[in-house]
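Enquirer: Once you've had a glance at the structure underneath, I'll fire off some questions.
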Amino acid sequence: MSASDARHAAPGERLEALVRWLAADLGATPGPCPSNAVIAERVGLASYDQATNLLTRAQNAGLIAFETARQHQQRVVRVLPAGLDMVTRRIAPPSPPAPRFADWLATARPGDRYTYFIGHLAETRGVVPDRRTPEQCAALIEAKAVAEAGMRELVRLVSRRRPEGDFEYLAIRCWRDT
């Protein structure tokens, strides 16, 4: 979740984003707790107090635990099994998506367009597989199916820049197989 997306996220999504981030960095091993400033920036909070409240919510939900490292008197955080379970459920590869593209391809006429991805496809492909969201996994599965149809010359693949600065990836039906 980018910082701009996080600013518009619901509180539950911020909690999940915090735990996912900590689990990705620490796993089940205790490690230094990020400062409230870093948490606020990373999770998209407006103030440091909100970061403290978010950490407290995560602790009260049994997702993380705090310890104190005696040698440095630094706050240490550990992701608890419940937090790891929440994260692994969230980033586990999704079941194959509904065959939306296949359905479209079966009924599309020459010239029909299908938007199969909006964003930056190369960046999404570059995300480490263990850190992909279910939405990213589903989008990449669909993009692979579209690319295979492109190699079979069933569709022409094009992209165009959108005003927001990202791209819209389209498949345009070439001909109908018989």
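Enquirer: Please work out the ratio of the alpha-carbon Rg of the stretch 21-66 to 2.2 N^0.38 Å and round it to two decimals.
Expert: 1.10
Enquirer: Same structure, new question: Would you check the accessible area of GLU142, probe 1.4 Å, heavy atoms only, in square angstrom rounded to 10?
Expert: Around 20 Å² of this residue is reachable by solvent.
Enquirer: Just grab the label-to-label distance for SER35 and GLU67, each label 7 Å out from Cα along the Cβ direction, in nm (one decimal).
Expert: According to this spin-label approximation, the distance is 2.4 nm.
Enquirer: Per residue, what accessible area does the stretch 118-176 have, given a 1.4 Å probe and all protein chains present, in Å²?
Expert: On a per-residue basis, the stretch 118-176 sits at 62 Å².
Enquirer: Right, here's the next one. Full-extension gain between ARG109 and THR133, please, as 0.36 nm times their residue separation minus the C-alpha to C-alpha distance.
Expert: The span from ARG109 to THR133 would gain 5.4 nm if fully extended.
Enquirer: Run a plain Debye calculation on the stretch 101-177 (Cα atoms as equal point scatterers, no solvent) and give log10 I(q)/I(0) at q = 0.12, 0.17 Å⁻¹, rounded to two decimals, same order as the q list.
Expert: Debye curve over Cα of the stretch 101-177, log10 I(q)/I(0) at q = 0.12, 0.17 Å⁻¹: -0.35, -0.66.
The values are calculated or read from the model by the stated rules, or taken from the named source; none is laboratory data. Computed from a prediction, not measured in an experiment: that's the story for all the values here. Positions of Cβ are generated from backbone atoms using ideal geometry, with glycine treated the same way; all protein chains shown enter the neighbour counts. These area figures cover heavy atoms from the full protein model, side chains too; ligands, DNA and RNA do not enter into them. Shrake-Rupley method; radii C 1.70, N 1.55, O 1.52, S 1.80 Å.
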